[in-house]
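Engineer: Here you go, one structure.
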Amino acid sequence: MRNRVFVLLLIPFLAPLPNGRAQNATAPASTTAPNDYSKPENWLCLPGRQDACTVDLSTTVIAADGSMTEEAWKAAANPRVDCFYVYPTVSREPRISADMFQGPAERQVVRVQFARFAELCRPFAPMYRQVTMLGLLARMSGKPIAGAQALAYSDVADAWHYYLKHDNHGRGVILIGHSQGANLLRKLIANEIDGRPIERRIVAAALIGSTVAVPKGAGVGGTFAHMALCRSATQTGCIITYESFPADFPPEPGGLFGEAGGEGMVAACTNPAALGGGSGELHAYLATHAHAWVNATEPGEWLKAPKPVTTPFVSLPGMLTAECATNDGLNYLAITVHKSDADARTGEIHGEVAVNGTVRREWGLHVLDVSLAQGNLVAIFKKQSKAWLAGQR
């Protein structure tokens, strides 16, 4: 039954994207030979070059009274830690494993989810032959795709090994992944980092939109034997993980999110707005324009009395809060949008999964998982980096 539900939920993601590759039936087939990560073209982002991470991230900050100010952004000149990012499922290619072509979907998701972290770290984002949307549908329809899953993981592991050998030089590193990307990093941590000497170089790991299992009431154990959940911004070598849903539309049993397998295990939730627990204000960076990597509700007007927004991102201070919550035994990050007649803003955040204009509540706020807390994550990573560097001294 769970597999059938997954198939039904995945269908809206399979619609063709503008400028995507799904319709290109003549695209060259992926090979299974190892990628050469010494080649710059196999990376979406590398330090010191013009690429998917060197983009305009300026933001219009829209206050409750309707006033608008522009927030500039720039990368750190000489960051002392690194970030290693694995992107979510974006490929609509007509095969189970994606090729290594850097298309608009890959570049857009980097812009929305990862490029901003370059204000605190050197950015590393490998391309990898991910399991495509079609591959995920095949798996949940009962068709074996173990080879495609192994290929995606081997690419990420190879990129990680190359980075460690040629670029890390003992530096601290923050691991960041969303959805499929987080799943792959979860496996990488379990196989090669957790409890091993390399763990000492991990500043933090953000595994977002992916389930990390912990024993009920505990902050460590389950998926990882040694790496604990982050409970403060000065804690290092720890895990930040959550799956976001509107507070009034929580996940339901039998869906994709909020549930961990194994007796006594629950899905971990760490609230980036309040790592120590309780509710906190989200510092979101929301895309002004449509998401080019997924079918979602397109951004509309941000103000009740519309004004043009010319920056690629908006921020809405005081409008969003988050708190880890439980519903029917499922753990999730509950997002509350605070609306009032006095607020000049529309109270809409857009970006929910949609098909034919209808929001699919089953997916929660999966598309927005990273965007909703990106400012919080930047602030946390800066503090964790400072703490990690202090520990090295």
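Engineer: Over the stretch 313-389, what is the relative contact order in percent, taking alpha-carbon pairs closer than 8 angstrom and at least six residues apart?
Structural biologist: Working: 54 pairs, mean separation 12.2, N = 77.
Relative contact order for the stretch 313-389 comes out at 16 percent.
Engineer: Antiparallel versus total DSSP beta bridges in the chain: what percent is that, nearest 5? Can you show the working numbers first?
Structural biologist: Working: 27 of 54 bridges.
So the antiparallel bridges amount to about 50 percent of the total.
Engineer: Please pull out the direction-averaged projected area of the chain, using the convex hull of its alpha-carbon atoms, in nm² to one decimal place.
Structural biologist: Values: hull surface 75.0 nm².
Quarter of the Cα hull surface area: 18.7 nm².
Engineer: If each DSSP helix of 4+ residues adds -39,500 (n - 2.57) and the sum is divided by the residues in the chain, what number results at 222 nm, nearest 500 deg cm²/dmol? The partial results should precede the final answer.
Structural biologist: Details: 7 runs with 77 residues, N = 393.
Computed mean residue ellipticity for the chain: -6000 deg cm²/dmol.
Engineer: Would the stretch 276-393 count as rounded, prolate or oblate if I go by the C-alpha gyration tensor, calling it rounded below 1.5 in a/c and otherwise prolate when a/b exceeds b/c, oblate otherwise? Intermediate values should be presented prior to the final figure.
Structural biologist: Details: a/c = 1.71, a/b = 1.42, b/c = 1.21.
Prolate, because a/c is 1.5 or more and a/b exceeds b/c.
Engineer: In whole angstrom, note down how far apart the Cα centers of the stretch 169-187 and the stretch 85-154 are.
Structural biologist: Comparing the Cα centres of the stretch 169-187 and the stretch 85-154, I get a distance of 13 Å.
Engineer: Estimate the FRET efficiency between A190 and E263 by the formula 1/(1 + (r/R0)^6), using the beta-carbon distance for r and 22 Å for R0, to the nearest 0.05.
Structural biologist: Values: r = 19 Å, r/R0 = 0.87.
Working from the Cβ atoms, E equals 0.70.
Engineer: Could you tell me which of the pairs K187/K383; K39/K187; K39/K143; K74/K307 are separated by over 32 angstrom between their Cα atoms in the structure shown?
Structural biologist: On the way: K187/K383 26 Å; K39/K187 25 Å; K39/K143 34 Å; K74/K307 25 Å.
Checking Cα-Cα distances, K39/K143 exceed 32 Å.
Engineer: Ok, one more. Pairs of Cα atoms under 8 Å, at least six residues apart: use those to get the relative contact order of the chain, whole percent.
Structural biologist: Numbers: 888 pairs, mean separation 73.6, N = 393.
Rounded, it is 19 percent for the chain.
Engineer: Taking only Cα atoms and a 10 Å spring cutoff, compute GNM fluctuations for the chain and point out the largest among E93, E323, E263.
Structural biologist: In the Gaussian network model the winner is E263.
Engineer: Which length gain, in nm to one decimal place, applies between V220 and H289 when the Cα-Cα distance is subtracted from 0.36 nm times their residue separation? Please list the in-between numbers first.
Structural biologist: Working: separation 69, 0.36 × 69 = 24.84 nm, distance 3.90 nm.
This chain segment gains 20.9 nm when fully extended.
Engineer: Using a basic spin-label model with each label point 7 Å from the Cα along Cα→Cβ, how many nm lie between H166 and F249?
Structural biologist: In this crude spin-label approximation the distance works out to 4.4 nm.
Engineer: Label the stretch 309-369 by shape, choosing from rounded, prolate and oblate, from the square roots a ≥ b ≥ c of the eigenvalues of the Cα gyration tensor; if a/c is under 1.5 it is rounded, and otherwise prolate applies when a/b is larger than b/c, oblate when it is not.
Structural biologist: Values: a/c = 1.97, a/b = 1.31, b/c = 1.50.
Since a/c reaches 1.5 but b/c is at least a/b, the shape of the stretch 309-369 is classed as oblate.
Engineer: According to the square roots a ≥ b ≥ c of the eigenvalues of the Cα gyration tensor, what is the shape class of the stretch 179-239, taking rounded for a/c under 1.5, prolate for a/b larger than b/c otherwise, and oblate for the remainder? Please report the intermediate quantities before stating the final value.
Structural biologist: Numbers: a/c = 1.25, a/b = 1.02, b/c = 1.23.
Because its axes are fairly even, with a/c under 1.5, the stretch 179-239 counts as rounded.
Engineer: Mind checking the full-extension length gain between V355 and A77? Use 0.36 nm per residue of separation minus the Cα-Cα distance, one decimal, nm. Each step should come with its number before you reach the end.
Structural biologist: On the way: separation 278, 0.36 × 278 = 100.08 nm, distance 4.22 nm.
The span from V355 to A77 would gain 95.9 nm if fully extended.
Any read-out appearing in this document is the output of simple, stated calculations on the displayed coordinates, not a laboratory observation. Computed from a predicted model, the values in this text were never measured in an experiment. A quick note on method: Cβ atoms are made from the backbone with ideal geometry, for glycine too, and the neighbour counts reach across all protein chains shown.
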